[in-house]
Amino acid sequence: MTAVSSGLFNECTNLMHIEIPSGITHIGNAAFAGCTNLSKLVIPDSVTSIGDDAFYGCNGLSCVIFRGNAPTIGSRIFYSVKNGCTVYVRKNSIGWGVDIPGTWNGLNIQYLTPKMEIAVANNTGEGVVEVDGEFSNVEVASGVTLIVRGENLDIDALTAKIIPKSYEEGQSATLFKVAYAPVFGGVSFSVVLDEDSVDPDLTAAEIVATANAAAFGSAASGDSVYIDLLTAKQGLYYGIAVANDLVALEDAAADVSLVRAGEGGVTIPVVKPIGDAVFFKVIISDRLR
């Protein structure tokens, strides 16, 4: 899909925050018209055109972020949007046709600051943000890269200013570290999983023991099986395979999808024993598959 069809989300009042997927090139007529609870909108650099009335009546909209150049626009795209709504654009983008800061299509327009760009990248867990050599302490999520420009940069001092931030609520920042590499005109910093700080094999063994102990008691009584993933290293991925014999269990484990561990543990739906036993296998990994 390369376009948001005309009227696709018309009067979808449950929408509150939208980040248009990268690769979308066109937003159709009245695509989001009447989304009255929409407050924040991020438009990727792939969008080159926006149709008439695209965000007509989105009267809760307060923040619009454009990641690329100004698109070709239809009429009334932001008609009846919240008074004081601000459009944020990157400094190197072109085509806005107005002085910045100023007014564009009836909305305030300002340049996107590095701090706000980092916040947007943190929300999605991806992106590259350029900053100069002088910046205060910033939280950076796993998957986000900072390109710091400047000469004779103090790597240790800059690293100390970058605080690893969890990508999803519940992940522990202690599992992540700041990695750096030289780039043309500066240095790049990325927050990555610190594989040295976790022991997946030991953790997996502990969880499997807990899961199996719970499975035999809970499955027979019809209760759900609860596994505490707080001790399973937040930030890792996990999956649960269930079968009535060990051969089938290994086959199931090979195909199970992994999801990110959360802070509150995970509740596994009960699986009734087939025959005399039910087998659970918990797979722990530092990578999604």
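Summary of values
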{"item": "Matching option when the condition is at pLDDT 95 or above and either of a type in the set (D, E, K, R) or out of contact with any Cys (no Cβ under 9 Å at 6 or more places or on another chain) (or both), among Ile43, Ile50", "result": "Ile50"}
{"item": "Hey, Leu41 surrounded by 18 or more Cβ atoms within 10 Å (Cβ to Cβ), touching a residue at least 12 places away in the same chain (Cβ under 8 Å) and under 30 Å from Arg149 (Cβ atoms) or not", "result": "yes"}
{"item": "Checking Phe78 against (1) modelled with pLDDT of 90 or more; (2) assigned to a loop (DSSP other than H, G, I, E, B); (3) surrounded by fewer than 19 Cβ atoms within 10 Å (Cβ to Cβ), the condition it does not meet", "result": "(3)"}
{"item": "Condition met for Gly60 (surrounded by fewer than 20 Cβ atoms within 10 Å (Cβ to Cβ), among the small types (Gly, Ala, Ser) and over 15 Å from Met16 (Cα atoms))", "result": "no"}
{"item": "Some residue of segment 97-104 being buried (at least 17 other Cβ atoms within 10 Å of the Cβ) and in the same structural domain as Thr2 (by TED's automatic domain parsing)", "result": "yes"}
{"item": "Some residue of segment 67-79 being free of Cβ contacts under 8 Å to residues at least 24 places away in the same chain and either in contact with a strand residue (DSSP E or B) (Cβ under 7 Å, 6 or more places away or on another chain) or among the hydroxyl-bearing types (Ser, Thr, Tyr) (or both)", "result": "yes"}
{"item": "Which listed residue, of Gly84, Gly23, is part of a loop (DSSP other than H, G, I, E, B) and farther than 14 Å from Gly106 by Cβ", "result": "Gly23"}
{"item": "Within segment 33-48, tally of residues that are in contact with a strand residue (DSSP E or B) (Cβ under 7 Å, 6 or more places away or on another chain) and within 14 Å of Leu15 (Cβ to Cβ)", "result": "5"}
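The values are calculated or read from the model by the stated rules, or taken from the named source; none is laboratory data. Just so we're clear, the structure is a prediction, and the values are computed from it rather than from any experiment. Methodologically, a virtual Cβ is constructed for each residue, glycine included, from the backbone with ideal geometry; neighbour enumeration extends over all protein chains shown.
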